[in-house]
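Below you'll find the structure, written out as structure tokens, and then a few comments.
Every number here is computed from the coordinates shown, using simple stated rules; none is lab data. The structure presented is a predicted model; accordingly, all values stated were derived computationally and were not measured. Please note: Cβ atoms are built from the backbone with ideal geometry, for glycine as well, and neighbour counts cover all protein chains shown.
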Amino acid sequence: MSRTIAIANQKGGVGKTTTAINLSASLAVLGKRVLLVDMDPQANATSGLGIEKERLSVSVYDVILELAHPEQAVVSTSIPRLDVLPSSRDLVGAEVELIGADRRASRLRIALQPFSRSHDYIIIDCPPSLNLLTLNALTAADSVLIPLQCEYFAMEGLSELVRTLQLVKRRLNPGLQREGIVLTMFDRRNRLSHQVGAETRRLFGNLVLKTQIPRNVRLSEATSFGKPAFHYCVRSAGAQAYVSLAHELLSRNANKEAPGEKIAAGGLTTAAVARGSTRHPDRYEQKPVE
Ligand SMILES: Nc1ncnc2c1ncn2[C@@H]1O[C@H](COP(=O)(O)OP(=O)(O)OP(=O)(O)O)[C@@H](O)[C@H]1O
Ligand SMILES: [Mg+2]
């Protein structure tokens, strides 16, 4: 069975999408079958993996409005074992269109059921809001991973997020767990980064993942080229940090997986990167828009 992780923080620009792309790609390179679900109408995770959203005929919007089967919307990426359920601008209207609809916060959970056997990890990129799209992600998820930017006001809005998580647990998804908090854009030359890091660890203890994502320009460059960082610059600190984050999550979840599925810890090997650059058979190829 797959593990579904929602990457959420209603604060904008904290590294949700960068984390969704690079964590998904790193898990795939480490041998896991991964589905990245883009629940943000900005569709940055979709374009950040080199998918031309204008050429897609269906997206997660059609899926949650039950206008298309989920398998119809999924597309393969250039990374073996990594598929994407893409977003589109239409998603902006979904909240209004779902007013009064049945099971409106459970649409995504139901849509993702077919992938629970075909994929090991389902990673959901949330929009910067605690709206119905985020509620759908949290209802579909086994756990939530919260990126926290090492900057001024890092914890602003965190209590609101925690309240939303409690509400979702009570009303919609009693099994929802906390995957943890990941510190992003950590600048080791900046005192503030160290202060935010120390304060977060003091407050949240081992809920804070050991891996810190450094501020690294290669991460933003890679996204603008439609690639995960390890395909753009494998040696970059950003690429390596996301591979470490994937290792850390895998080892934290290891006892929940079947024996023999554990992945040995270690750096990103060149063999793994070489495997990652061979094209995946197009299991999921949407009919392009005419
Ligand atoms: N570790 C990093 N180092 C340098 N730049 C980063 C890092 N992480 C993210 N960025 C850049 O910061 C900006 C915001 O990141 P990202 O889009 O991942 O955040 P987000 O939380 O998904 O934003 P939104 O709330 O708008 O969805 C982007 O330009 C991204 O390339
Ligand atoms: Mg984003």
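Taking θ as phi - 60° and the Karplus parameters 6.51, -1.76 and 1.60, the scalar couplings of the range 155-165 work out to 8, 4, x, 5, 5, 5, 5, 4, 4, 5, 4 Hz in sequence order, x denoting glycine and proline. My understanding is that a pair violates if its Cα-Cα distance is over 29 Å; which of Lys227/Lys287; Lys169/Lys287; Lys53/Lys169; Lys169/Lys210 do that in this structure? The pairs that break the limit, which is 29 Å between Cα atoms, are Lys169/Lys287; Lys53/Lys169.
For Ser118 and Ser159, a Förster radius of 35 Å and the Cβ-Cβ distance give a FRET efficiency of 0.40, rounded to the nearest 0.05.
Summarising the amide proton neighbourhood of Val37: residues at separation of 5 or more, or on other chains, whose placed amide H is nearer than 5 Å comprise Leu85, Ile123, Ile124, Asp125. Residue by residue, the range 129-136 carries 3J(HN,Hα) couplings of 6, 9, 9, 5, 5, 5, 4, 4 Hz when phi is fed to the Karplus relation 6.51 cos²θ - 1.76 cosθ + 1.60 (θ = phi - 60°); x denotes Gly or Pro. Convex hull volume of the C-alpha atoms in the range 3-276, normalised per residue: 122 Å³. Put simply, the amide H of Gln149, placed in the peptide plane, has neighbours under 5 Å in Thr184, leaving out anything fewer than 5 places away on its chain.
Derived scalar couplings between HN and Hα for the range 17-34 equal 5, 4, 5, 4, 5, 6, 5, 4, 5, 5, 4, 5, 5, 8, x, 8, 8, 10 Hz in order, rounded to whole Hz, by the Karplus curve 6.51 cos²θ - 1.76 cosθ + 1.60 (θ = phi - 60°), x for Gly and Pro. A simple count of charges around Leu112, restricted to other residues whose Cβ falls under 15 Å of its Cβ and scoring Lys, Arg +1 and Asp, Glu -1, yields -2. Mind running the shape call on the range 154-235? Use the C-alpha gyration tensor, a ≥ b ≥ c as the square roots of the eigenvalues: rounded below 1.5 for a/c, prolate if a/b tops b/c, oblate otherwise. Because a/c hits 1.5 or more and a/b fails to exceed b/c, the range 154-235 counts as oblate.
In this simple spin-label approximation, Glu285 and Val96 carry label points 7 Å from Cα along the Cα→Cβ vector, and these lie 3.8 nm apart.
Database remark: amide H of Ala68 closer than 5 angstrom to the amide H of Val63 (H placed geometrically; neighbours at sequence offset of 5 or more, or on other chains; Pro and chain starts carry no H).
Applying both filters, DSSP loop and at most 15 other Cβ atoms within 10 Å, to the chymotrypsin sites (Phe, Trp or Tyr not before Pro) of the range 208-257 gives Phe225. Sparsely packed loop sites in the range 141-182 (the GluC sites (Glu not before Pro) outside DSSP H, G, I, E and B with at most 15 other Cβ atoms within 10 Å) comprise Glu156. For Ala68, the shell of other residues with beta-carbons less than 14 Å away shows a net charge of -2, using +1 for Lys and Arg and -1 for Asp and Glu.
Taking the fewest neighbouring Cβ atoms within 10 Å as the starting point, the ordered list for Met185, Met155 is Met155, Met185. Per residue of the chain, the DSSP helices (runs of n ≥ 4 H) give a summed -39500 (n - 2.57) that works out to -10500 deg cm²/dmol at 222 nm.
When the chain is treated as a GNM with alpha-carbon contacts under 10 Å, the residue of Leu148, Leu207, Leu36 showing the greatest mean-square fluctuation is Leu207.
When the Gaussian network model of the chain links Cα atoms closer than 10 Å, the mean-square fluctuations of Gln72, Gln195, Gln240 top out at Gln195.
Extending 7 Å from Cα along the Cβ direction at Glu54 and again at Gln166 yields two label points whose distance is 4.7 nm.
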